[in-house]
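Just below is one structure, and these are the notes that go with it.
A short reminder: the numbers here are calculations on the coordinates, not readings from a lab. Owing to the predicted nature of the structure, the values given are computational and were not obtained by experimental measurement. Virtual Cβ from ideal backbone geometry, glycine too; neighbours counted across all protein chains shown.
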Amino acid sequence: MSRRRQIYEGKAKILYEGPEPGTIIQYFKDDATAFNAQKKGTINGKGVINNRISEHVFTRLAHIGIPTHFIRRLNMREQLVRQVEIIPLEVVVRNVAAGSIAKRLGIEEGEMLPHTIIEYYLKDDALGDPMVAEEHIAAFNWAGHDEMQDIAAMAIRVNDFMSGMFAAINIRLIDFKLEFGRIYDGDYSRVILADEISPDNCRLWDFTTNEKLDKDRFRRDLGGEEEAYQEVARRMGLLNGED
Ligand code: C5P
């Protein structure tokens, strides 16, 4: 395992060179960070659960025609993905006010937004991932005009699909973060969904009780984060070999 060349170590994942050119292995750690890594900890078993949840979501998104980097899960903590050139944006989709938008705009957490909102943040740890406008993205050429159209269209489709998927297991999809990457075919490039989708980067509330089933349990010192992640996986039918 350790003979592979490590390409990058992030806050929650390690990337290794994959077995074939153009592939990468994503290793899911139990490490958790918040507030731009000012708060650090571990959530036991998180890597195993996020690997499974992300596999499940990416597989189902592929079924509805969303192109993704996911190839296959390799083992408990690793998945094989396509190597992409990461677009340096975090794409946040919000259905209900929570977290930074609630704070920034003085909206009560839990208030339904008038309609779904997409926000863009520059992926830059040193700057603390500042929010940027499409004007900035175009001016600094972080993504092209056509790429932004594809990103927004995919973000909305992912939101529609996931809102329904989670509603079916009595979970409200409050908001989530996506990342996209480019793959090249000669001179031509296209944008595909990358990174992961898991309770680390979604807000998931129980529909009936509003109980938080996501990383806010860690961010806000609520406790019970292991159980919350497991509960999401259980409702998705991913424990005990079901799927
Ligand atoms: O903190 P904020 O309210 O802006 O987060 C919006 C959504 O994006 C949340 O679901 C959060 O988990 C996710 N997010 C993330 N990584 C970040 C910032 C936010 O996954 N660096």
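General observations
- Residue-wise HN-Hα coupling along the range 160-170, computed from phi with Karplus coefficients 6.51, -1.76, 1.60 (Hz; x: Gly, Pro): 4, 5, 6, 4, x, 4, 6, 4, 5, 10, 6
- Dimensions of the range 124-243 along the principal axes, based on C-alpha atoms and rounded to the nearest Å, stand at 46, 33, 22, largest first.
- Relative packing of 95-101, 142-148, 174-180, which averages over residues the other C-beta atoms within 10 Å, highest first: 174-180, 95-101, 142-148
- A dipole drawn for the chain from +1 and -1 charges on Cβ atoms has a positive end, and of F28, A168, A102 the residue lying farthest that way is F28.
- Contact order relative to length of the chain, as percent, for alpha carbon pairs under 8 angstrom and 6 or more apart: 17
- For the range 1-148, the spread of Cα positions along each principal axis, largest first, Å: 49, 38, 35
- Kirkwood-type hydrodynamic radius, the range 76-175: 15.4 Å, calculated from all non-identical alpha-carbon pairs.
- Residue-wise HN-Hα couplings along the range 133-146, as the Karplus relation 6.51 cos²θ - 1.76 cosθ + 1.60 with θ = phi - 60° gives them from phi, are 9, 4, 4, 5, 4, 6, 4, 9, 6, 6, 8, x, 4, 5 Hz; Gly and Pro carry x.
- Computed lengthening from E211 to F35, 0.36 nm per intervening residue step minus Cα-Cα distance: 61.2 nm
- Neighbourhood net charge (15 Å Cβ-Cβ; Lys/Arg +1, Asp/Glu -1) for G22: +1
- For K40, a cut-off of 17 angstrom between C-alpha atoms picks up these lysines, skipping any fewer than 8 places away in its own chain: K11, K13, K29, K215.
- Column: log10 I(q)/I(0), Debye, Cα scatterers of the range 123-183, q = 0.21 Å⁻¹: -0.95
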